1. Which chymotrypsin sites (Phe, Trp or Tyr not before Pro) does the stretch 165-252 hold that lie in a coil by DSSP with at most 13 other beta carbons within 10 Å?
2. Report, in whole Å, the centroid distance computed from the Cα atoms of the stretch 167-216 and the stretch 99-148.
3. Considering just Cα atoms, how many Å³ per residue does the convex hull of the stretch 176-247 enclose?
4. Count the net charge of all other residues whose Cβ sits under 15 Å from the Cβ of GLY153, scoring Lys and Arg as +1 and Asp and Glu as -1.
5. Starting from the Cα of LYS278, draw a straight line to each of the aspartates and glutamates and keep only those under 19 Å, dropping any in the same chain fewer than 8 residues away.
6. Please identify every one of the trypsin sites (Lys or Arg not before Pro) in the stretch 1-77 that sits in a loop by DSSP and has no more than 12 other beta carbons within 10 Å of its own beta carbon.
7. So if each residue of separation counts as 0.36 nm, and I subtract the Cα-Cα distance between ALA178 and THR165, what length gain in nm does that give?
8. Using the Kirkwood radius built from alpha carbon pairs, what does the Stokes-Einstein equation give as D for the stretch 1-62 at 20 °C and 1.002 mPa s, in µm² per second?
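The values are calculated or read from the model by the stated rules, or taken from the named source; none is laboratory data. Being a predicted model, the structure only gives us computed values, none of them experimental. Don't worry about glycine lacking a Cβ; one is built from the backbone with ideal geometry, like all the others, and counts go over all protein chains shown. Quick note on the areas: whole protein, heavy atoms, side chains included, nothing else; ligands and nucleic acids left out. Shrake-Rupley method; radii C 1.70, N 1.55, O 1.52, S 1.80 Å.
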Amino acid sequence: MLPYGTISEAAAALGRNLTAGETLWFRYTATVPDYHIYYINIAFLFIIFTLVPLPVALVELCFPSLISRFKLQPKIQLSPSSFLRCYLSVVRVFILAVGPLQVLSYPSVKLVGIRTGLPLPSLWEIGSQLLVYFLIEDYGNYWIHRALHHGWGYEKIHKVHHEYTAPIGFAAPYAHWAEVLVLGIPSFVGPALVPGHMITFWLWIALRQMEAIETHSGYDFPFTPTKLIPFYGGAEYHDYHHYVGGQSQSNFASVFTYCDYIYGTDKGYRYQKAHLTKLREKWRTEDQNGDSKLNQNGKHD
């Protein structure tokens, strides 16, 4: 809720006229309690979990030939019931764990100083804070994820997430409720250390979940804009982690690749990728030699 009764009062407090975005924000939030604004995160998360993976899932189920050349594990074909089961499981965890966590975390959001008032943050402020949030979350997630691949942590908790050895977008948040809660901690550390505006916080939550859905999509689309991001892992990088399964000691990072490189947990992935590159080169050479022999035989005849 804003401390101004009218737009003119807000403009007087800022010492300038409100921008179009600030005017829109004023009209929406002027009489809305801050906790209502924060709880919009719950709706954002549900909409993202539901709609973002849906296009690829529908194409895979209805017109698989259109995107089959981009599928990372083409031999694995899931049924519509498998997609539905995954989605309903995510909804259940969302209702029982994610939603209550969002409700209970509001006091913490106010404590660390995430604001809802005016002025709105600049694009530079939003971009720089989002970068900090991604880097901090990626580092924390790396160590928690790595710990979950040992002993009790894997058998009792993380094993649920690895039920999908060939992941799909809906499986990004498919996990044991305890894992959902624990891995939510690094997501909040960034905003706690570098608090910003609620709009930045909304964007952070939305972009992080969309990134997780992409890396679990099971498809390596060459036209994905995230391929332009330095040190970004992506779908191929994380798909290897699921392909290896519970014994995987590689590719733990959630977003970027620098932690795995620094701590040596990408060696298996790099070895396999180099090996496949050599095989493809060998097959290409053999095909060229075969075509050359066919041409020579044709001329001889």
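1. Working: sites: PHE170, TYR174, TRP177, PHE188, PHE201, TRP202, TRP204, TYR219, PHE223, PHE231, TYR232, TYR237, TYR240, TYR243, PHE252; in loops: TYR174, PHE223, PHE231, PHE252.
Here the chymotrypsin sites (Phe, Trp or Tyr not before Pro) that fit, given the DSSP loop and packing criteria, are PHE223, PHE231.
2. 9
3. Details: hull volume 9.4 nm³, N = 72.
Hull volume normalised by residue count: 131 Å³.
4. Combined, the nearby Lys, Arg, Asp and Glu give +1.
5. Straight-line reach from LYS278, under 19 Å: GLU236, ASP266, GLU286, ASP287.
6. Details: sites: ARG16, ARG27, ARG69, LYS71, LYS75; in loops: ARG16, LYS75.
Passing both the DSSP loop test and the Cβ count: ARG16, LYS75.
7. Working: separation 13, 0.36 × 13 = 4.68 nm, distance 2.03 nm.
Roughly 2.7 nm would be gained on extension.
8. Working: Rh = 14.3 Å.
Result for D is 150 µm²/s.
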